[in-house]
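These notes are about the structure you will find just below.
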Amino acid sequence: MASAWATRSGTNSPGYSTGNESDNHLCSKLVSEIATSAFDKRSFVPEGVLDKLITRDSVREELGRNLEEEFDKRLADRLKRPDCKGLRGPAMAEKFEQIEAAENVERQKAEAENRRLVDEFIFRERPAGARKLFAILICSALAAGKLRKALEDFSQSNTGDLDLPISTGAFAKKPWWDTNTIRNFAERQWEFLAPVFSTENRVLSLKSGHILPIVWMDEKNAKSGSFGRVCEVEIHKAHQGADPGKTVSEPR
């Protein structure tokens with residue numbers, strides 16, 4: 001499917017593209033659920049979408065697909081090594097069996113690690129797990145095999161959803177964290193962090209990266225106030241509590 005996250009420059013569509021959404025089944029589903037903030041035209045994933053899409057089964061499927069891509073590439077790369085060149089017939093068949101047997105051992109280790117990550121990290125209850133973190137990662141253009149490595153990094157540092165947003169300085173210098181991936185993660189995480197407004201939580205501490213889940217603004221009747229322009233807005237229904245609407249000030 002075509003990505004709903006187009007490049008920021010040169011289009012009227014919100015957000016940006018990592019270039020691989022069409023190849024990423026779960027990320028494509030997340031893309032289809034995005035909404036656009038009427039405040040600054042940025043994209044955000046409405047509250048509740050992850051509850052519907054990021055399930056144990058969907059995460060296992062995504063990790064399994066990523067693992068298959070990883071080991072297909074590993075096997076192809078292994079067959080290109082010098083010790084395989086020039087082999088034909090029985091000799092090539094024997095070499096292939098040796099390589100495949102060795103790769104199967106590594107595959108089983110990777111499958112076991114995927115199961116641990118699902119049960120003990122992504123869906124753990126206390127402290128809060130990493131479903132949102134997982135969603136950000138699968139939409140951050142990680143190459144095959146790097147998703148599990150990135151999750152292992154976060155798991156080892158005990159970094160989960162409660163630690164979002166994560167600054168770029170927190171990323172270790174490892175091959176799966178290249179400059180492009182870090183930039184994608186740093187920008188894309190905000191699309192999953194739109195605040196929820198409620199009567200119980202009237203004061204929110206927001207950063208400049210937060211995307212306001214506003215779906216309508218009465219800009220024609222905006223008035224000037226001590227904090228800038230003030231206008232009536234409508235908050236996305238998934239991000240509001242008992243109050244049907246809110247009034248916010250637009251920064252100068």
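The values are calculated or read from the model by the stated rules, or taken from the named source; none is laboratory data. Everything numeric here is computed off the predicted structure, so don't read it as measured data. With ideal geometry, Cβ positions are generated from the backbone for all residues, glycine too; neighbour counts draw on all protein chains shown.
Odds and ends about this structure:
- Top-ranked residue of region 203-226 - restricted to ones that are farther than 18 Å from residue 188 by Cβ and touching a residue at least 24 places away in the same chain (Cβ under 8 Å), ranked as farthest from the chain's Cα centre (by Cα): 225
- Residue selection: residue 148 fails the criterion of being closer than 30 Å to residue 231 by Cα and either of a type in the set (Phe, Trp, Tyr) or in a helix (DSSP H, G or I) (or both).
- Residue, surrounded by the fewest Cβ atoms within 10 Å (Cβ to Cβ), within region 48-88, restricted to residues that are in a loop (DSSP other than H, G, I, E, B) and touching a Lys or Arg at 6+ places or on another chain (Cβ under 7 Å): 87
- Scanning region 160-179 for residues that are at pLDDT below 90 and either among the acidic types (Asp, Glu) or part of a helix (DSSP H, G or I) (or both) returns 168, 169, 170, 178, 179.
- Single residue of 172, 150 found to be surrounded by fewer than 16 Cβ atoms within 10 Å (Cβ to Cβ), within 20 Å of residue 117 (Cα to Cα) and free of Cβ contacts under 8 Å to residues at least 60 places away in the same chain: 172
- Residue satisfying all of: in region 42-101; among the aromatic types (Phe, Trp, Tyr) and in contact with a helix residue (DSSP H, G or I) (Cβ under 6 Å, 6 or more places away or on another chain); nearest to residue 134 (Cα to Cα) among these: 44
- Every test in (1) among the charged types (D, E, K, R); (2) assigned to a strand (DSSP E or B); (3) at pLDDT below 90 is passed by residue 252 save one, and that test is (2).
- Out of 112, 128, sole residue that is assigned by TED's automatic domain parsing to the domain that holds residue 62, within 29 Å of the chain's Cα centre (by Cα) and not in a helix (DSSP H, G or I): 128
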